[in-house]
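Here is the structure we will look at.
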Amino acid sequence: MTPTAFITHPDCWQHNMGAMHPESPDRLSAIRDQMIASGLDQYVDSCEAPVATRDNLLLAHTGEYIDDMYAAVPERGITHLDPDTAMCPQTLNAALRAAGAGVKAVDMVMAGEARSIFCAVRPPGHHAERMRAMGFCFFNNVAIAALHALEHHRLARVAVIDFDVHHGNGTEDILAGESRAMMLGFFQHPLYPYCGTRPLDDNMRNTPLPAGTRGDVVRALVEEKWLPAMEMFQPEMLFISAGFDAHYEDDMASMALVEADYAWITTRLREFADQHCRGRVVSMLEGGYSLSALGRSVVAHIKALAGI
């Protein structure tokens, strides 16, 4: 069994919301290039994401919403669902691959083919609500994966950890009140999507943080709040919404994390998973828009997942 696998797909490069849009195909290229430059690509097994099925999507979204996404695909050019979120002719297939990556990752981990998996996919997912696309997101990749683990593999409990600089409102919308899931996250506040300060249910552990927050504050949060809460909850698998836009080089927000902070957070989560979850971790790319910082941070994250 390989310690850590890597899932992506060429279709995820084809989704394009315009030349100046920050959620660009260059993000995946930056990750790929940094993995090659660091030699990390030699230490992880890579595989391709399948297309998510309608049944996969129905775990987190309504049939009406799924039909609307299919109907919204333009024949040519770009169509906007909101000022920040747009579809091109290739968007739907990329979104289906992104959601399918999480499902495949769960299946691989449960089959013992890898202990942890990082899914380098786009579009991201954590802003997609049950019936609403927003914030660059169409299907909620991490929620679909977590619910697949609960429904298909019959796990008793899972935890979703979101360290993107923006609150994962979509994941909260989908998982709030789900007694088998706990969501823990920090996010800069105030900042898009301007919610999360009042959790929707008791299974949400939302922590708003001010602009300028550095790694020492986040590390204390992990040690003093996240790990004790997860230890009480006893999840059987961890899911990570891995956004890297809290990096100090990223101008989408104003927090001040560095690669070493992402490595430390990931290491502590991996250690928890080793102790409580048989090492089972599925991590899915969310934000991160400074290309160099994104590539470096993802390499640090994957190395920490793999324990190398």
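Where a number appears in this text, it was derived from the coordinates with a stated rule and is not lab data. It should be emphasised that the depicted structure is a prediction, and the values quoted were computed from it without experimental measurement. Here Cβ is always computed from backbone atoms with ideal geometry, including for glycine, and neighbour counts include all displayed protein chains.
Values as computed for the structure displayed
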read-out	value
Listing of strands (runs of 3 or more DSSP E) fully contained in the stretch 78-121 that carry 2 or more residues being buried (at least 19 other Cβ atoms within 10 Å of the Cβ) and not small (Gly, Ala, Ser)	85-87, 114-119
Top-ranked residue in the stretch 134-149 [being in contact with a helix residue (DSSP H, G or I) (Cβ under 7 Å, 6 or more places away or on another chain) and part of a loop (DSSP other than H, G, I, E, B); ranked as surrounded by the most Cβ atoms within 10 Å (Cβ to Cβ)]	Asn140
Residue check for Gly112: within 18 Å of the chain's Cα centre (by Cα) and within 22 Å of Val158 (Cα to Cα)	no
Number of positions in the stretch 270-298 that are within 15 Å of the chain's Cα centre (by Cα) and in a helix (DSSP H, G or I)	3
Subset of the stretch 17-50 (residues that are part of a loop (DSSP other than H, G, I, E, B) and in contact with a Ser or Thr (Cβ under 7 Å, 6 or more places away or on another chain))	Val44, Ala49
Matching option when the condition is in a helix (DSSP H, G or I), touching a strand residue (DSSP E or B) at 6+ places or on another chain (Cβ under 8 Å) and not small (Gly, Ala, Ser), among Tyr70, Tyr65	Tyr65
The stretch 200-226 - residue that is among the small types (Gly, Ala, Ser) and touching a Ser or Thr at 6+ places or on another chain (Cβ under 8 Å) and, of those, nearest to Asp173 (Cα to Cα)	Ala211
Members of the stretch 1-28 found to be in contact (Cβ under 8 Å) with a residue 24 or more places away in the chain and of a type in the set (Gly, Ala, Ser), listed by number	Ala5, Gly18
Residues located in the stretch 73-103, provided they are in contact with a strand residue (DSSP E or B) (Cβ under 6 Å, 6 or more places away or on another chain) and under 26 Å from Ala149 (Cα atoms)	Ala101, Gly102
Residue match in the stretch 159-166 (condition: β-branched (Val, Ile, Thr) and in contact with a His (Cβ under 8 Å, 6 or more places away or on another chain))	no
